[in-house]
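Report on one structure; see the data block that follows.
The values are calculated or read from the model by the stated rules, or taken from the named source; none is laboratory data. Note that the coordinates shown come from a computational prediction; the quantities given were computed from them, not determined experimentally. Counting neighbours? That spans all protein chains shown, and the Cβs are built from the backbone with ideal geometry, glycine included. We work out accessible area using only protein heavy atoms, side chains counted, and drop any ligands, DNA or RNA first. Shrake-Rupley method; radii C 1.70, N 1.55, O 1.52, S 1.80 Å.
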Amino acid sequence: MTYDFDLFVIGGGSAGVRCARIAAGHGARVGVAEERFWGGTCVNIGCVPKKLMVMAAEYGAAIHDARGFGWDVADGAHDWQRLIANKDAEISRLNAIYKRLLDGAGARIFEARAIFLDAHTLDVGGMRITAERIVIATGGHPTRPAFSGGGHCIISDDAFYLPERPRRVVLLGGGYIAVEFAGIFAGLGSEVDLVFRQKLPLRGFDEDLRAGLVEALTASGVRVHAGVSPTSVEALGGIKQVHLTNGEVLPADLVFAALGRAPNVSSLHLERAGVATGKTGAVLVDGQGRTSAESIYAIGDVTDRLNLTPVATAEGHALADALFGPGPREWALDRVATAVFSSPPLATVGLTEHQAARRGPADIYVSRFTPMRHALSGRSRKTLMKLVVDQATQKIVGAHMLGEDAPEIMQGLSIAMNCGATKADFDRTVGIHPTAAEEFVTMRTRTRVADAPPETDATPLVGPVEIGAAEMGVGD
Ligand SMILES: Cc1cc2nc3c(=O)[nH]c(=O)nc-3n(C[C@H](O)[C@H](O)[C@H](O)COP(=O)(O)OP(=O)(O)OC[C@H]3O[C@@H](n4cnc5c(N)ncnc54)[C@H](O)[C@@H]3O)c2cc1C
C-alpha cells in the first residue's frame, strides 16, 4: 500500500514542529496540520508571552530598586496596551519563524484540524489524507472551573489578551501558572489574592522553596489564602465576588482560574484508530512514544507526563531520529531542570529533600542570604539555595534555588548532575565572585541529615541555615 505521507504530524506546537522538521530533514515525506497557531501553546499562550510579561513586571521593581543605587527615578504609569501590542508583534514574528522552519525542511503544511478516520487515514480540513505513521502532538488546554459561577473566571489562554490590566485580581490555584501570574499582576500594580487548597503552593517542589516563595509573595504584597478553595463566583455588575470554603468573600475585577490542564483529545476520534487513553484522557504511550495502535505515536503534553516545552521538543526529536534517522537519541528525562518564573523565580533539578530521604539518608545543605542587589535596593528579599546529597554515594541528587537568576543557574547545575557530580566535585570547583551562583560551590557546613520524611508534605523545613557568603563579598 502506498501512502500520501511517510509521517503525518497532528499539531504544530513544540513537539509536533520539532518532530516534523527533523523527520523531513532525514528525507521522510512529512505532512503537518495545525488548526490554530504555529508554535502551539509555548509560543502563543504559554512560556514566551508569559516570560515577556514577567519581564515587564520586573522592570517596575527594578525602577523602584534603582533609587538605592542613587538613581533619581519616580514610579511611572504602566501602559498595558503597549505591552500587549509589543508582545503580540513578537509572537507573530515567532509564528512566522516556526512556519518557515517547516517549509525550509520540506514538510507540507496544512492549516486545518486533523481528525482520524482510521489508523492510517485522516480528515484534514475536509481532505482525505493517508500516512504510514501518524504522530499525535495536540497538546493540552486549561480546564474551566466546575463550581457555580465558574463561567465568570478567565483561564490562562485569556490572560494574554486582556484589554486592560485589572485593578483587583483573584487567582485560583497553587500551580506554577497561578504563582507566575500573581507576580505579573502584582508587579504591574494590581492587588492580588492568591487562593490554593494546599498549605503551600507548587506541590511536588522542595518544601523549603515552597515556603520561601510564600514569604516572598507576601512581602511583595500578594495576599496568600492557603488551605482554602473557592465554592462559587458571583458577578455583580462589573465586580466579581469569590466565595471561599472558610466563609471569606473576596471582591475582584478579574477572577483567574489556573486549576489544571487536560490533554487535547476530544475532537480527534481516537477510537476510530484504536488509540487508548488513560484516566485523564492522556494518550497512553511506552518509552518510545508508541500508542496502542501500531502505526500511531504520541508526544508532548497530550501524553500528560512532564508537560514542559524542552521535554516536548526532545520527544519530537527522539521520535523523528528513531523512525527516520540514525536511531534513538538519548535524553536524560529523569533529571530535567525546571523553573517557575515567579517573583523571585525558582528553579530545581533532581530530588526534593523528602524524595531523597525516602530512598535513604541524605545530607542537606541550605543557604539563605540577602543578595547583593538588595543590600542597597532596600527591598526585603532573600535568596535560598539548597543541595541534596545522597549520603552513601555523596552524589548531588537535588539542587534547588529561589532567587534572582535561579533558572539561569540551574541549567548549568543540571549538566553537572547529569554527569554524576558529587559534593566533592562541587567543593573543588572555584566560584565566580561576586555572584549568587558561587554559593553552590561554597556550601561547606551540612545543615541537617534527612532520613525520614515527615508524614505531611507541607512542613516548611527552612532553618537552621548557613549565612551565605556569596555575593556579600565575605568569601568563605
Ligand atoms: C501559561 C503557560 C505557561 C507555560 N510556561 C512554560 C515554561 O515557562 N516553560 C516550559 O517548559 N513550559 C511551559 N509551559 C508548558 C508548555 O507550553 C508545553 O509543555 C508545550 O507547549 C507542549 O508542547 P506540545 O507540542 O505538546 O503542545 P502545544 O504546544 O499545546 O501544541 C499542540 C498544537 O496542536 C494543535 N492542535 C490540537 N488539536 C489539533 C488538531 N486536531 N488538528 C490540528 N492541530 C491541532 C494546537 O492548536 C496546538 O498548536 C507553559 C504552559 C502554559 C499554558
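Out of all Cα-Cα pairs in segment 124-261, roughly what percent, to the nearest whole number, are more than 17 Å apart? For segment 124-261, the fraction of Cα-Cα distances above 17 Å is 61 percent.
Kindly state, to the nearest 0.05, the FRET efficiency for residue 74 paired with residue 427, given R0 = 41 Å and r defined as their beta-carbon distance. Computed FRET efficiency for residue 74 and residue 427 comes out at 0.30. Charged neighbours of residue 29, selected by a Cβ distance under 13 Å, balance to -1 (K, R count +1; D, E count -1). Spacing of the modelled spin labels on residue 245 and residue 59, each 7 Å from Cα toward Cβ, amounts to 4.1 nm.
Determine the percent antiparallel among the DSSP beta bridges restricted to the chain, to the nearest 5. In the chain, DSSP labels about 60 percent of beta bridges as antiparallel. Working note: Karplus 6.51/-1.76/1.60 with θ = phi - 60° gives segment 248-254 the couplings 5, 10, 9, x, 7, 8, 9 Hz, where Gly and Pro are set to x. Scanning residues 5 or more positions from residue 4 or on other chains, those with amide H under 5 Å from its amide H are 130, 131, with H placed 1.01 Å from N in the peptide plane.
Compared with the direct C-alpha span, the chain from residue 81 to residue 118 gains 8.7 nm at full extension, assuming 0.36 nm per residue. Note the full-extension length gain between residue 198 and residue 229 as 0.36 nm times their separation in residues minus their Cα-Cα distance, in nm to one decimal. Full extension of this stretch gives 10.3 nm more. Calculation over all alpha carbon pairs of segment 270-408 in 5 angstrom steps from 0 returns a P(r) of 2, 9, 14, 14, 13, 13, 12, 10, 6, 4, 2, 1, 0 percent. Hydrophobic, long helices, defined as DSSP H runs whose alpha-carbon span along the helix axis is 24 Å or greater and whose mean Kyte-Doolittle value is at least -1.0, occur in the chain at 47-66, 80-105.
Counting only DSSP beta bridges whose two residues both lie in segment 113-268, roughly 60 percent are antiparallel.
Ligands, DNA and RNA left out, the accessible area of the chain computed with a 1.4 Å probe is 52% carbon and sulfur. Computed extension length for residue 332-residue 419: 30.3 nm, one decimal, from 0.36 nm per residue of separation with the Cα-Cα distance subtracted. In this label model, residue 157 and residue 306 are separated by 2.7 nm, measuring between points 7 Å along each Cα→Cβ vector.
If R0 is 56 Å, the Cβ-Cβ spacing of residue 445 and residue 148 corresponds to a FRET efficiency of close to 0.55. Heavy atoms of the protein chains alone define the surface here; on that basis the chain has 45 Å² accessible area per residue at 1.4 Å probe size.
Under Stokes-Einstein, with the Kirkwood radius over Cα pairs as Rh, the value for the chain at 37 °C and 0.692 mPa s is 136 µm²/s. The share of C-alpha pairs in segment 1-48 whose separation exceeds 15 Å stands at 45 percent.
Packing-based ranking of 267-278, 437-448 yields 437-448, 267-278, ordered from highest to lowest mean Cβ neighbour count within 10 Å. Pairs exceeding 30 Å between alpha-carbon atoms, taken from 50/423; 50/386; 279/423; 51/386: 50/423; 279/423.
Note on segment 7-131: Cα convex hull, mean projected area over all directions, 9.9 nm². A simple spin-label model places the labels of residue 111 and residue 127 1.4 nm from each other, with each point 7 Å out along Cα-to-Cβ.
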